[in-house]
Amino acid sequence: MTATLSLFAVIAGAGAIAGIISGLLGVGGGIILVPAFFYAFSSLGFHSEQLMQICVATSTGTIIFTSIRSVLAHHKRGAVSVDLIKRWGPIIAVGSIIGVFAAASMRSSQLQLVFGCIGMMLGLYMLLGKKDWRISDELPGPILGKIYPFIIGFFSALMGIGGGSFTVPLLTAYNVPPHKAVGTSPGFGLMISIPGFITFLSKGWHLTDKPPFTIGYVNLPAVVLIVMTTMLTVPLGVRMAHALSPKQLRIVFAITIIILTGNMLRKALVA
């Protein structure tokens, strides 16, 4: 009972922080939730051969709700590009489904390594990259406009994140204002999380040594608990985002990613 309560406390705390980060940075919160789930489940003695996949899948389920809350809050402030979501959304969804199949084919340690490496590179880019560096002053054309969203969907589903970790740096590199990039990202999160969540539910039934009430790859109690806590804290993150300058927003984004993914990378390398 003590272990179970500890698990719930860790997950609830992670959910509260993830809600703030989702509203603040335009990410689905997975960049925090995946490491939190992994720590919580493994500390309680669950060591499934694909434990990392369970963490990623469970995070994907929570992103549906945090993304809805976040995109609606940003939309009220006029910070969402609905046209871009319509154009890139379907391609992102296809990439997400393929990303789930790729994740299911990997070992837990391999997925940890992917999560850590990609996350660290993104964080370092946001921290060290020049704020005025641009690929172009306009959004990409038809070809890159299909390649970019597919990559975003694929790797976001692979990592259990809402896509903001990719879309915010990418959109700012194409001269989209930081607040607009942050506000639009949760819309992409929906296109990633809904098909990804359904696909994760349909797979993983063969696994043993899973946390209780795990359906496919998804731990349902964790999803419910996270949704309850993040719904309370997402609006706080949105208010913080619109109170910060673009430079401050970029630094917060970078440091958050570096700390969390760096720890995941460390665990993967010593495993």
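The values are calculated or read from the model by the stated rules, or taken from the named source; none is laboratory data. Because the structure is predicted, anything quoted here is derived from the model rather than measured. Reconstructed Cβ throughout: ideal geometry from the backbone, glycine too, with neighbour counts over all protein chains shown.
Quick notes on this one:
- Tally of residues being touching a strand residue (DSSP E or B) at 6+ places or on another chain (Cβ under 9 Å) and in a helix (DSSP H, G or I) across the range 169-220: 4
- Positions within the range 148-195 being among the hydroxyl-bearing types (Ser, Thr, Tyr), modelled with pLDDT under 90 and under 10 Å from the mean Cα position of the chain (by Cα), in sequence order: Ser165
- Only listed residue being within 19 Å of Ile54 (Cα to Cα), surrounded by fewer than 24 Cβ atoms within 10 Å (Cβ to Cβ) and among the hydrophobic types (A, V, I, L, M, F, W, C), chosen from Phe155, Phe197: Phe155
- Answer residue from the range 81-92, given it is closer than 19 Å to Phe197 by Cβ and aliphatic (A, V, I, L, M) and is nearest to the chain's Cα centre (by Cα) among those: Ile92
Conditions tested, residue by residue: (1) under 18 Å from the mean Cα position of the chain (by Cα); (2) over 24 Å from Val224 (Cα atoms); (3) part of a helix (DSSP H, G or I).
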residue	(1), (2), (3)
Leu33	yes, no, yes
Ser42	no, no, yes
His74	yes, no, yes
Val94	yes, yes, yes
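- Complete set of residues in the range 129-152 that are over 20 Å from Phe253 (Cβ atoms) and in a helix (DSSP H, G or I): Leu144, Gly145, Lys146, Ile147, Pro149, Phe150
- Residue match in the range 71-89 (condition: out of contact with any His (no Cβ under 9 Å at 6 or more places or on another chain) and within 15 Å of Phe154 (Cα to Cα)): yes
- Residues that are at pLDDT 85 or above, on the phi < 0 side of the Ramachandran plot and not aliphatic (A, V, I, L, M) within the range 212-228 comprise Thr214, Tyr217, Asn219, Pro221, listed in sequence order.
- Filter result for Leu236 (of a type outside the set (Phe, Trp, Tyr), at negative phi, at pLDDT below 80 and assigned to a helix (DSSP H, G or I)): no
- Flag if Val100 is part of a helix (DSSP H, G or I), in contact with a Lys or Arg (Cβ under 8 Å, 6 or more places away or on another chain) and surrounded by 21 or more Cβ atoms within 10 Å (Cβ to Cβ): yes
- Some residue of the range 153-170 being free of Cβ contacts under 8 Å to residues at least 24 places away in the same chain and over 17 Å from Met264 (Cβ atoms): yes
- When Val114, Val100, Val56 are screened for being under 15 Å from the mean Cα position of the chain (by Cα) and free of Cβ contacts under 8 Å to residues at least 60 places away in the same chain, only Val114 passes.
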